[in-house]
Amino acid sequence: MAINKELYERYKAMKAAKLSASGNNTEKAPVTTQTQQASNKPENSAPVTSYSSLANNNNTEPNNYPENNINYTDKVAKEYNNQFTYSQPAQNQTYIQETTTVPEPAQTHQAPQLKKFALIGYPLGHSLSEYIHLAGFESLGIKATYELIPTPPEELVDRIKYLRNNGYSGFNVTIPLKLPVTMFLDEVDASANIVKAINTVAIDPQTNALKGFNTDVIGFIKAIPQDINLYNKTVAILGTGGAARAAITALAQKQVKEIKLYTRNITNCIELLEYLRKSFPKVEFNAYQIDKFKNLSDMYMVVNATPIGMSGQAVGYSPLEEEEIKTLPPEATVYDVIYNPKKTNLIKLAQKHKYRTITGLDMLIHQALEAQKIWTGLTPDFKDMKIAALENLD
Ligand code: NAP
């Protein structure tokens, strides 16, 4: 039988890439500079794959998801992507999994080892994660560092190699790397399957294998007070990005009847709608234009998953007009996933009209707490973590 030359070449490139990305060299944390960014840029850049092509493991066309518009993917990364399988979940599958509890390590007489964790993303600027995580580790009596390592997309390959080979136990991932990082993982937890975004990675201390999780899903749920019963209810979500998809996964798990998505561009949303309908056949999904007047009279909850109102971006703005908020029924809850400022304009307007509100801060703490459960097998103190966040919020 004739050997497929092209396939053989691709296989060789993939092997070489794997070897290089899992090399055993210990290095210094690479520093990001403009010059380095230019020199680290992969030569054979190719567009990132579309939402459903990720699901089908079949790279074809770029789409309009923000994380997908990054020109970071080289041939090497593409090969990684080809090995990575997103599966359609079986019906009735639970997407939100409590992380497995690892038994506490046996007592030893040695001094506790310093554990290393990090956050990668770009730009990072001022991040609350550092304070929250350090407070969590302290509550557990774990000696740990949590570094903020700015990582532009073109440096992702090198950064993963660095974290893998320099004794880190895990790391968090933020914008714009939540999707691209999936290409370098050995395994992906069910929590990240639908969301198509990773915010937490655990590094196996024995094998250095990387496993990705999305703790925003469980973070979103845990921030909802127990007496809010979402079963069979209609919910509105503003935005269709990473936070929105985490909210969708969480709300589907809560067995809502219908999710109305509000987006800037319905056409761009069609592929996502199809995917969601397949993934959650018991939930009805519809999409609406976000800039048109929204009558929310049949909503039990409205979730803001856009950055409108966020500090440094559109602070002082609200994604809903006061007149739209007033259309909500009295029992409705307004959930803004933004955590900085503590009270967005949306939350202030909702409170003015006596609606129940949930801010993004508890979600932020819960997602960090879940990350620490994954990394350590232990549950840190929520209150300590929240105090650390509040102390460091502007
Ligand atoms: P993302 O993936 O970039 O998605 C943002 C979404 O908002 C997109 O659907 C985008 O629409 C839409 N959008 C942006 N600007 C808009 C505008 N001016 N008008 C209408 N829609 C607009 O970002 P993300 O990761 O989902 O984050 C969204 C927010 O959630 C951020 O403020 C982030 O800090 C917050 N967040 C909080 C937590 C927490 O733990 N509390 C966790 C994650 C995220 P297009 O698709 O049309 O661009």
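The values are calculated or read from the model by the stated rules, or taken from the named source; none is laboratory data. Here the structure is a predicted model, which is why all the values come from computation and not from measurement. We place every Cβ from the backbone using ideal geometry, glycine too, and count neighbours over all the protein chains shown. Heavy atoms of the whole protein, side chains included, go into the accessibility calculation; ligands, DNA and RNA do not. Shrake-Rupley method; radii C 1.70, N 1.55, O 1.52, S 1.80 Å.
Looking only at segment 213-232, decide whether some residue is farther than 22 Å from M301 by Cα and surrounded by 21 or more Cβ atoms within 10 Å (Cβ to Cβ).
yes
What are the residues in segment 316-332 that are crowded, with 19+ Cβ neighbours inside 10 Å and more than 10 Å from the ligand (Cβ to nearest atom), if any?
Selection gives S318, L320, I325, L328, A332.
Of these, I175, I194, which one is at pLDDT below 95, in contact with a helix residue (DSSP H, G or I) (Cβ under 6 Å, 6 or more places away or on another chain) and within 16 Å of the ligand (Cβ to nearest atom)?
Numbers: I175 fails: in contact with a helix residue (DSSP H, G or I) (Cβ under 6 Å, 6 or more places away or on another chain).
On inspection, the qualifying residue turns out to be I194.
Answer yes or no: is there a residue in segment 367-376 that is in contact (Cβ under 8 Å) with a residue 60 or more places away in the chain and near the ligand (Cβ under 9 Å from one of its atoms). First the steps, then the outcome.
Initial filter on segment 367-376 (in contact (Cβ under 8 Å) with a residue 60 or more places away in the chain): 367-376.
Those still in the list that are near the ligand (Cβ under 9 Å from one of its atoms) too: 367-368.
Looking through segment 367-376, at least one residue is in contact (Cβ under 8 Å) with a residue 60 or more places away in the chain and near the ligand (Cβ under 9 Å from one of its atoms).
Spot the failing condition for F382; the list is (1) without any contact (Cβ under 8 Å) to a residue 24 or more places away in the chain; (2) in the same structural domain as V173 (by TED's automatic domain parsing); (3) surrounded by fewer than 16 Cβ atoms within 10 Å (Cβ to Cβ), and only one is missed.
Every listed condition holds for F382 apart from (3).
Report the residue count in segment 235-251 for those that are farther than 20 Å from N199 by Cα and out of contact with any Ser or Thr (no Cβ under 8 Å at 6 or more places or on another chain).
Within segment 235-251, residues that are farther than 20 Å from N199 by Cα and out of contact with any Ser or Thr (no Cβ under 8 Å at 6 or more places or on another chain) number 3.
Can you name the residue in segment 115-158 that is polar (S, T, N, Q) and modelled with pLDDT of 95 or more and is also least open to solvent (accessible area, probe 1.4 Å) among such residues?
Filtering segment 115-158 for residues that are polar (S, T, N, Q) and modelled with pLDDT of 95 or more, the one least open to solvent (accessible area, probe 1.4 Å) comes out as T151.
Contact list please: Cβ distance under 8 Å, first residue in segment 332-346 and without any contact (Cβ under 8 Å) to a residue 24 or more places away in the chain, second residue in a loop (DSSP other than H, G, I, E, B), pairs at least six apart or on different chains.
If the second residue must be in a loop (DSSP other than H, G, I, E, B), the pairs left are K343/T359.
Look at segment 342-366 and say how many of its residues are out of contact with any helix residue (DSSP H, G or I) (no Cβ under 9 Å at 6 or more places or on another chain) and within 16 Å of the ligand (Cβ to nearest atom).
Of the residues in that region, 2 qualify.
Just to verify a result, which residue in segment 282-315, among those that are open to solvent by 70 Å² or more (accessible area, probe 1.4 Å) and closer than 14 Å to L251 by Cα, is nearest to the ligand (Cβ to nearest atom)?
Checking each candidate, the answer is E284.
Condition first: aromatic (F, W, Y) and open to solvent by 10 Å² or more (accessible area, probe 1.4 Å). Can you find one or more residues in segment 170-178 that meet it?
no
If only one of V181, V157, V188 is of a type in the set (A, V, I, L, M, F, W, C), in the same structural domain as L124 (by TED's automatic domain parsing) and within 16 Å of the ligand (Cβ to nearest atom), which one is it?
Criteria check complete, one pass: V181.
Scan segment 235-280 for residues that are open to solvent by 10 Å² or more (accessible area, probe 1.4 Å), within 14 Å of Y335 (Cβ to Cβ) and more than 16 Å from the ligand (Cβ to nearest atom) and jot them down.
Selection gives K254 alone.
In this structure, is L148 within 29 Å of M310 (Cα to Cα) and either aliphatic (A, V, I, L, M) or away from the ligand (no atom under 16 Å from the Cβ) (or both)?
It is true that L148 is within 29 Å of M310 (Cα to Cα) and either aliphatic (A, V, I, L, M) or away from the ligand (no atom under 16 Å from the Cβ) (or both).
How do the pairs read when you match residues in segment 225-247 that are of a type in the set (F, W, Y) with residues anywhere that are more than 16 Å from the ligand (Cβ to nearest atom) and modelled with pLDDT of 95 or more, using Cβ under 6 Å and keeping only pairs 6 or more apart or on different chains?
Matching pairs, first to second residue: Y231/Q255.
Identify, from the list Y335, Y355, the residue that is of a type in the set (F, W, Y), surrounded by fewer than 21 Cβ atoms within 10 Å (Cβ to Cβ) and assigned by TED's automatic domain parsing to the domain that holds K233. Full working, then the answer.
On the way: Y335 fails: surrounded by fewer than 21 Cβ atoms within 10 Å (Cβ to Cβ).
Every option except Y355 fails the conditions.
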